[in-house]
Ligand code: SF4
């Protein structure tokens, strides 16, 4: 696919919002959602991102042209953006003076130069080892009680300054939120992440 060298990317969405999750919750951010993902989470809420061929190959210049001077923080999400070489995109965004944040499962090799890496590991496709050292933030989606044990396995591999978040999977939040709150009482190094953008009706 022509996206392989990272000069053209299958862009699914480009939108301005307020970051709803994790360490940068509440921060105004511009999101680029890159198409393509083969990680296969059964609860995925962006399954329409999976087939990269459904999203138009877009030049980096066209992507950067969306941004205004007040777009300070740019979040690259997916899909799984690391299916593509992220070096050209992050260079273009940094060249435009932006801070560049990443949301990734870590299932693909690390490319790109990032100001913030949020690693969100998935059971269906394990993160590659290099992502644990690169992550400033570990965000584990909690679908059932076993995910709390599993979260600790990943935290043990992250650096000492990595911020740790547990986030209820949206469709199961009524069931898992009490489990997470109990867990936090025993494990205060973790914090709760809610998908606050969904509560306020933002993308
Ligand atoms: S890694 Fe993300 S985009 Fe891919 S299937 Fe899982 S939740 Fe969906």
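Just so you know, all these numbers are worked out from the coordinates, no wet-lab data involved. What you are looking at is a predicted structure, and each value in this text was computed from that prediction instead of being measured. When we count neighbours, we look across all protein chains shown, and the Cβ atoms used for this are built from the backbone with ideal geometry, even at glycine.
Return the inverse of the average 1/r over all pairs of distinct C-alpha atoms in segment 1-97, which is the Kirkwood hydrodynamic radius, in Å to one decimal.
In segment 1-97 this quantity evaluates to 13.8 Å.
Compute a Gaussian network model of the chain, connecting alpha carbons closer than 10 Å, and tell me which residue from 137, 153, 13 fluctuates the most.
153
For helix 173-186, report the angle its Cα long axis makes with the longest principal axis of the Cα atoms of the chain; keep it between 0 and 90° and round to the nearest 10°.
Once rounded, one gets 70 degrees.
Taking the number of other C-beta atoms within 10 Å as the exposure measure, put 43, 50 in order starting with the fewest. Working shown, then result.
Details: 43 11, 50 17.
Ordered from fewest to most neighbouring Cβ atoms within 10 Å, 43, 50 come out as 43, 50.
Once you put a point 7 Å from the Cα of residue 47 and another 7 Å from the Cα of residue 94, both along the Cβ direction, what distance in nm separates them?
Distance between the two pseudo-spin positions: 3.8 nm.
Using the reciprocal of the averaged 1/r over all distinct C-alpha pairs, how large is the Kirkwood radius of the chain in Å?
17.2
Pull up the DSSP beta bridges for the chain and report the antiparallel fraction as a percent, rounded to 5.
Numbers: 11 of 34 bridges.
Within the chain, antiparallel bridges account for around 30 percent of the total.
Taking neighbour Cβ counts within 10 Å as the exposure measure, how do 64, 140 sort from fewest upward?
The order, fewest Cβ neighbours first, is 64, 140.
Which order do 86, 12, 63, 202 fall in if you start with the one that has the fewest other Cβ atoms within 10 Å? Intermediate results must be reported in sequence, preceding the final value.
Working: 86 25, 12 22, 63 19, 202 13.
Final ranking by Cβ density, sparse to dense: 202, 63, 12, 86.
Would you calculate a helix-derived [θ] at 222 nm for the chain, using -39,500 (n - 2.57) for each DSSP H run of n ≥ 4 and dividing by the full residue count, to the nearest 500?
Calculated at 222 nm, the ellipticity per residue is -6000 deg cm²/dmol.
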